[in-house]
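The values are calculated or read from the model by the stated rules, or taken from the named source; none is laboratory data. What you see is a predicted model, and the numbers here were worked out from it, not measured in a lab. Every residue, glycine as well, gets a Cβ built from its backbone with ideal geometry; the counts of neighbours run over all protein chains shown. Heads up: the accessible areas ignore ligands, DNA and RNA and are worked out on the full protein's heavy atoms, side chains in. Shrake-Rupley method; radii C 1.70, N 1.55, O 1.52, S 1.80 Å.
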Amino acid sequence: MMDNVSVIKMFYLSGLSETMNYRFILFSLTLLCYCVILLVNITLIVTIILDKNLHEPMYILLCAFCMNGLYGTTGFFPKFLWDLLSPVHVISYPGCLVQVHVLYSFVGSDLSSLAVMAYDRYVAICRPLQYHTIMSKQRLIKLVCFSWFTPFCLIGANICLTSRLKLCSPYIARLFCVNWLIVALACFPAETMVNNIAAYITILFYVFHGVFIVWSYIYLIRTCVNSIENRAKFMQTCVPHLFSLITFIFTILFDLMNIRFGSKKLPQPFKNFIAIEFLVIPPLMNPLIYGFKLTKIRNRIRKFLL
C-alpha cells in the first residue's frame, strides 16, 4: 500500500473515455463556448471600467463578479480543450490540487459575491438616503476583498488537508479534479475525518450566505410591495441578481447530487454535462442577463457597438 503511495505523481481523468469518438466536435463546441464566455465577460468588465458613470457600488460588484467568472472558467477550459486533443488525460498531482482550489474558490467567491450584491440591493432600496454613506469606497473594497479572499483561504485550508493524505489510486472518474473524489482515494479512511469536518464547516459557512440572501430578498419584497418606485427599482436591479442566484444554485445542486448520489447507470456524457454546468451556464448567462436588463450597461454597450 505504501509502495502505491510513492508512485502517485499523476492523476488519470477518465470522464472523457466514452466520448472520444466525438472529440473534434466537442473541441469545436467547447472552444466556441469558451470564446463566448470570454467575450461577454470581458465586454462587461471593460464597459464598467471605461465608463465613469458606471463607477457605482452595484456596477463595481458586478465587474468583480464577472472577473471571478473568468477566473473559474480559466481553471477548467484550457485543460479540458487540451484533453480533447490528447489521447491520454492526465494531470500532475500539484496541478490537480491547484485546479481543485481554483474551481472551488470560484464557486465560493460566486456565492459570496451574490451575498454582497444582495446586501447592496437591500441598502439601496430599504435605506436609500444612507446608501452612499454605508456603501462607501472603503466598505466596497472590504466587501470585494471578502468575496474573493475568504473562499480562497477556506478552500486553501481544505486543500492543505487533502495534500497530507496518502493515496492508493490515481484514477478520477471526472473531467476535472474534485476534492471529494481525491479524499475518497485515501489509503486510510480514518485519516479523512478531519477533511470531512473541514468540508462540512465550509459548507455551513456558505449555507449562512444562502440564508442571508433569502432573508434579504424576503425583506426587499415586503418593502417593495407597497411602493411603485421601489417595485420599479426592484424589477430593474434585483431581477437580474435573482436570475443569477437561481442559475447558480441549480447548477451547483445538480453537481453535488451527481457527486454524492449519482447512479453508475447514468450515461457518462450526461454525467459530464451535469458536472460542467456550473462552469458554463452562470459565466455565460450572468453577463448577458445583466447586460440586457441594466439600462446603463445596455446603452453603453450599444454606443460601443455603434
- Task: Quick one: pull the percentage of alpha-carbon pairs in region 175-215 with a separation above 14 Å.
- Result: 59 percent
- Task: In vacuum, with every alpha carbon of region 92-230 counted as one equal point scatterer, what does the Debye formula give for log10 I(q)/I(0) at q = 0.09, 0.15, 0.19, 0.20 Å⁻¹? Two decimals, please.
- Result: -0.39, -0.80, -1.06, -1.13
- Rounded if a/c is under 1.5, else prolate if a/b is larger than b/c, else oblate: which is region 1-112, with a ≥ b ≥ c the root eigenvalues of its Cα gyration tensor? oblate
- Between K52 and F292, what length comes free when the chain is fully extended (0.36 nm per residue of separation minus the Cα-Cα distance, one decimal in nm)? 84.5 nm
- Query: Using only Cα atoms, what is the ratio of the radius of gyration of region 54-144 to 2.2 N^0.38 Å?
  - Reply: 1.47
- Ranked by GNM mean-square fluctuation in the chain (Cα springs under 10 Å), the top entry among V144, V107, V36 is V36
- Message: Just want the answer: with Cβ charges of +1 for Lys and Arg and -1 for Asp and Glu, which residue in C153, I228, I45 is farthest toward the dipole's positive end in the chain?
- Response: I228
- Item | Which of K166, K296 is most accessible, then next, and so on - probe 1.4 Å | K296, K166
- Whole-number percent relative contact order across the chain, with pairs defined as alpha carbons under 8 Å at least 6 apart: 28 percent
- Note on the structure: Expected vector for region 276-292, Karplus 3J(HN,Hα) from phi with 6.51, -1.76, 1.60 and θ = phi - 60°, integer Hz, x for Gly and Pro, equals 9, 3, 5, 9, 10, 5, x, x, 7, 7, 4, x, 5, 4, 5, x, 7
- For the chain, with the dipole built from +1 on Lys and Arg beta-carbon atoms and -1 on Asp and Glu ones, taken about the Cα centre, which of Y131, V100, M193 lies farthest toward the positive end? Y131
- Item | Accessible carbon and sulfur surface of the chain relative to its total accessible area, %, 1.4 Å | 72 percent
- Task: Can you give me the three principal axis dimensions of the chain from its C-alpha atoms, in Å, biggest first?
- Result: 67, 44, 35
- Query: With axes computed from alpha carbons, what is the tilt in degrees of helix 239-261 against the longest principal axis of the chain, rounded to the nearest 10 within 0 to 90?
  - Reply: 20 degrees
- Note on the structure: Simple spin-label estimate for W180/F146, 7 Å along Cα→Cβ, in nm, reads 2.8 nm
- Query: What do you get for Rg/Rh of region 37-95 when both radii come from the Cα atoms and Rh is the Kirkwood radius?
  - Reply: 1.20
- Item | Cα centroid of region 11-47 to Cα centroid of region 66-110, whole Å | 11 Å
- Given unit charges at Cβ for Lys, Arg (+) and Asp, Glu (-), the dipole magnitude of the chain about its Cα centre in debye, nearest 20, is 720 debye
- Query: At a probe radius of 1.4 Å, what is the per-residue accessible area of M67, in Å² to the nearest 10?
  - Reply: 70 Å²
- Query: What is the pair-distance distribution P(r) of region 114-177, computed from all Cα-Cα distances in 5 Å bins starting at 0, with each bin given as a whole percent?
  - Reply: 4, 13, 15, 15, 11, 9, 8, 8, 7, 5, 3, 1, 0
